[in-house]
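Visitor: So that we are looking at the same thing, I have put the structure below in structure tokens.
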Amino acid sequence: MKRLTTKGIERYITNNYGRLRHNCEAMRIACVRVSNIYKCSPVDVFHFIIENEPINNLYTHSYGFHTGLGRQIVEDFKVKYYEGVS
């Protein structure tokens, strides 16, 4: 995935996990907003949240666990996601 779109998120989650339970537009907006805060790609934020993949150039994992920064990114994502849902 090169560019993060609502349809792309929907396709990715459906193909990899089956039934969709998330608001894909709110997820896209949250990824974009969080990526602006941390100066990284929205696609990187998406894969960090969905697949727990480390974000290049940010110290998000240590020995397979989230660092303080990784936990902060998750919390910021949650706030932005629920702002988009309501």
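Visitor: Can you compute the modelled spin-label distance between Y17 and K78, with each label point 7 Å from Cα toward Cβ, in nm?
Guide: Rounded to a tenth, the inter-label distance reads 1.5 nm.
Visitor: Here is a further query. Counting only other residues whose beta carbon sits under 15 Å from that of H47, what net charge do I get with K and R as +1, D and E as -1?
Guide: +1
Visitor: Show the residues, 5+ positions off or on another chain, whose built amide H is closer than 5 Å to the amide H of H61.
Guide: Here the answer is T67, since their amide H atoms fall under 5 Å of that of H61.
Visitor: Quickly estimate the mean residue ellipticity at 222 nm for the chain, helices only: each DSSP H run with n ≥ 4 gives -39500 (n - 2.57), and the total goes over all residues, rounded to 500.
Guide: -20500 deg cm²/dmol
Visitor: Hey, another quick one. Counting each pair of different Cα atoms once, what's the Kirkwood radius of the chain in Å, rounded to one decimal?
Guide: Over the chain, the inverse of the mean reciprocal pair distance is 13.0 Å.
Visitor: Please compute the net charge surrounding Y59, taking Lys and Arg as +1 and Asp and Glu as -1 over other residues with Cβ under 15 Å from its Cβ.
Guide: 0
Visitor: Enumerate the calculated ³J(HN,Hα) couplings along region 39-44 in order (Karplus 6.51 cos²θ - 1.76 cosθ + 1.60, θ = phi - 60°), each rounded to whole Hz, writing x wherever the residue is Gly or Pro.
Guide: Per-residue couplings from phi come out as 6, 9, 7, x, 5, 4 Hz.
Visitor: Can you give the local net charge around T5? Use residues other than it whose beta-carbon is closer than 14 angstrom to its beta-carbon, Lys and Arg +1, Asp and Glu -1. Write out the running numbers ahead of the final one.
Guide: Working: positive: K2, R3, K7, R11, R28; negative: E10, E25.
Residues close to T5 contribute a combined charge of +3.
Visitor: Show me the trypsin sites (Lys or Arg not before Pro) within the chain that DSSP assigns to loop and that have at most 15 other Cβ atoms within 10 Å of their Cβ.
Guide: The qualifying sites are K2, R3, R19, R21, K39.
Visitor: Working out 0.36 nm times the residue gap between R3 and L69, then minus their Cα-Cα distance, what length gain in nm do you get to one decimal?
Guide: Values: separation 66, 0.36 × 66 = 23.76 nm, distance 2.39 nm.
Once the chain is fully extended between R3 and L69, it gains 21.4 nm.
None of the figures in this text is laboratory data; all of them are computed from the coordinates on show. For clarity, every value in this text was computed on a predicted model and none was experimentally measured. Using ideal geometry, Cβ is built from the backbone for each residue, glycine included, and neighbour counts are taken over all protein chains shown.
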